Amino acid sequence: MKKSLSKNQGKSDDTETKDIREKMKEIDVKPSSSTNSMANKPALLPSGVGQMKQLQGAKMVNQTESSSSGSATGNPRNKTALAPGHSLMDWIRLGNSGVDLTGVGGVPRVVTLSELATHNKQNDAWIAIRGIVFNVTRYMDFHPGGVNELMRGVGKDATKLFENVHAWVNYQSILQKCVVGRLSRGSVSGTTASSPTENAASSTSNCSSATLNLITSCTTHSVNQENVSDANLLNIKMEWRQTPYSLILFYPTPCNYPNMCYQLTKIHDSKLVYKLCFGNTIVMQELELTAEIEWPPDCFRDLEMREMTFTFAKRRVELWKSYGNQTVLRETNMDGRMYTEYEVVTNKPLSKLVHLLVVRAKDFLQIVPIGRHVEVKMNVMGMEISRLYTPVPPCLHPDDMAPNYKSDCLCFMIKKYPNGALSPSITALEIGQTFFVSNALGDFMTEPYDMYTILHMIAGGTGLTVILGVIQQALARRCVRSINLLNFNKDEDNMFYVKELEKASTDSRLKVTHILSQAGDTWKGRRGTISDYLLEELVAPCESNAFVYTCGPPGFILSARNSLRKINWKPCQMYEFED
């Protein structure tokens, strides 16, 4: 009786599920990947028509009316319900369990197209993406798009298919334990025939093979941003959702351009201009919205999905038939630097020497990628003085949000040097006074290092400002197991952000050790300078899944590098920011 009831109930559930799916198709509802933005706010997406036009005066222009899917590309995100025990966290645990997911004993090899083609079954599945071959046999049941979708790329070079479906997905991190080797279009398989990529690999052969292959794939397949084609740039995806109260715009970051910078300008209450910056090349998207919105938007950087979300409140509570019209064009900034005037909204001492400045531009915001810096310039006694500073996160813990911070603000922690050319003047600015800030500069990318789950960070003085952004990202990533920060300073007067780091350490993964070289008598913490002995004690031995970031003055970085090498840390598992 129980079995019969269960069977009939199963049929009823199947029928009900089909009915729900059909109804969802009728109103064209799509789930958002940014669940934080859309919780309890179902999106109703009406149909529209897509168009493309050539615009005079621009090299290439793409004018688009909102599509029926609510996506500027019409590319839906179809996901399959996964069985219990097959979440992303379950996959990470499997990868860390020591099971060989490569199927080749973890020894990298060169794979030809003909050999790749033989591994085309569900129980023996290899796939190539951007020149790297992965064994995805064990990943089949973990794939959010389902087995059938993944099987479309098995046994072949699936780079183009991957780009078309979800280029923004951080596959390097997800499949880091599945690397078989490098794809070769020659006839020899299983050899290590010399190539520029492989020669680079051999010079750092001490690294773990899977890690090295992934790093090599990220670096050798990166796009030369000076030679990016118009067609590729104009294909940058923008998706939208809405509720009666809000408009949500999504920008997934393509893997080809992981260091993309975002700038957003409000022309008026129903017109926006997005600038997506790739070095000297800029893609501009002009959005003529259906109705007026409030400024500034809420901005959310999803560090797992590699996606930027901008949520605008609507002036009027209503559903729009479309978001409006979009015009896309390309421009080149040969100088590489653009400056915007920012107004000081907060100037708060963090210590005797360090100030927190929160600044805001009018009708403009920019998202500076982690590890990048900007040029700050202002007039000092009739002379224009400029310095490079790294913006810091507004907080590491929600209770410590920077005063008066909004999404269109930037935060700086600036140390006052009594004889400095700029720092005495900029730390003395009052509320309402202004200075100029450039666009994001530098070329650091976190993506090649996302595979590491154990992070050590060594900061000297104001080198902590760069490290704070790396800590923020690490705390937001579920796969990171531990974060070990060594914070070196001269004395108590030079220390800053101590209480905030202590509060952030309530996340058990973050451990902070403060070390002073000239501490006063009341100091109860660690004393000393960076040395072989100290790093051997406070930094764990090198592991294949561990990485070290260092930031500080040149002499500090050199000492850290030499000491780390003496305890067998490999250059490919170290990154140095110069303060």
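The values are calculated or read from the model by the stated rules, or taken from the named source; none is laboratory data. Not measured: the values here are computed from a predicted model. Every residue, glycine among them, receives a Cβ derived from its backbone with ideal geometry; neighbour counts consider all protein chains shown. Remember, those area values only see protein heavy atoms, side chains included, never the ligands or the DNA or RNA. Shrake-Rupley method; radii C 1.70, N 1.55, O 1.52, S 1.80 Å.
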Report the residue count in segment 539-573 for those that are in contact with a Lys or Arg (Cβ under 8 Å, 6 or more places away or on another chain) and within 30 Å of D493 (Cβ to Cβ).
1
Kindly indicate whether any position in segment 86-107 is over 22 Å from T453 (Cβ atoms), open to solvent by less than 40 Å² (accessible area, probe 1.4 Å), assigned to a loop (DSSP other than H, G, I, E, B) and at pLDDT 50 or above.
yes
Would you pick out the residues in segment 495-541 that are under 29 Å from R478 (Cβ atoms) and basic (K, R)?
K499, K503, R509, K511
Which of the residues belonging to segment 415-434 are touching a helix residue (DSSP H, G or I) at 6+ places or on another chain (Cβ under 6 Å) and crowded, with 17+ Cβ neighbours inside 10 Å?
K415, K416
One residue is enough: does segment 467-489 have a residue meeting the conditions more than 26 Å from K570 (Cβ to Cβ) and β-branched (V, I, T)?
no
May I ask you to say which residue of G145, G153, G181 is part of a loop (DSSP other than H, G, I, E, B), open to solvent by less than 10 Å² (accessible area, probe 1.4 Å) and touching a residue at least 24 places away in the same chain (Cβ under 8 Å)?
G153
Quick one: which of D408, D443, D450 is acidic (D, E), surrounded by 15 or more Cβ atoms within 10 Å (Cβ to Cβ) and closer than 30 Å to L175 by Cβ?
D450
Run A117 past the list (1) surrounded by 15 or more Cβ atoms within 10 Å (Cβ to Cβ); (2) modelled with pLDDT of 90 or more and report the number of the one that doesn't hold.
(1)
List the number of the failed condition for V437; all other conditions in (1) open to solvent by 20 Å² or more (accessible area, probe 1.4 Å); (2) in contact with a strand residue (DSSP E or B) (Cβ under 9 Å, 6 or more places away or on another chain); (3) touching a residue at least 24 places away in the same chain (Cβ under 8 Å); (4) not acidic (D, E) hold.
(1)
Can you confirm whether R387 is surrounded by 17 or more Cβ atoms within 10 Å (Cβ to Cβ), touching a strand residue (DSSP E or B) at 6+ places or on another chain (Cβ under 7 Å) and not aromatic (F, W, Y)?
no
Here is a list of conditions, (1) in contact with a Ser or Thr (Cβ under 8 Å, 6 or more places away or on another chain); (2) surrounded by fewer than 20 Cβ atoms within 10 Å (Cβ to Cβ); (3) modelled with pLDDT under 95, and S351 meets all of them except one; can you say which number that is?
(1)
For segment 470-480, enumerate the residues that are under 16 Å from V392 (Cα atoms) and surrounded by fewer than 21 Cβ atoms within 10 Å (Cβ to Cβ).
Q472, Q473, L475, A476
Boolean, K362 is under 15 Å from V344 (Cβ atoms), of a type in the set (K, R) and open to solvent by 70 Å² or more (accessible area, probe 1.4 Å):
yes
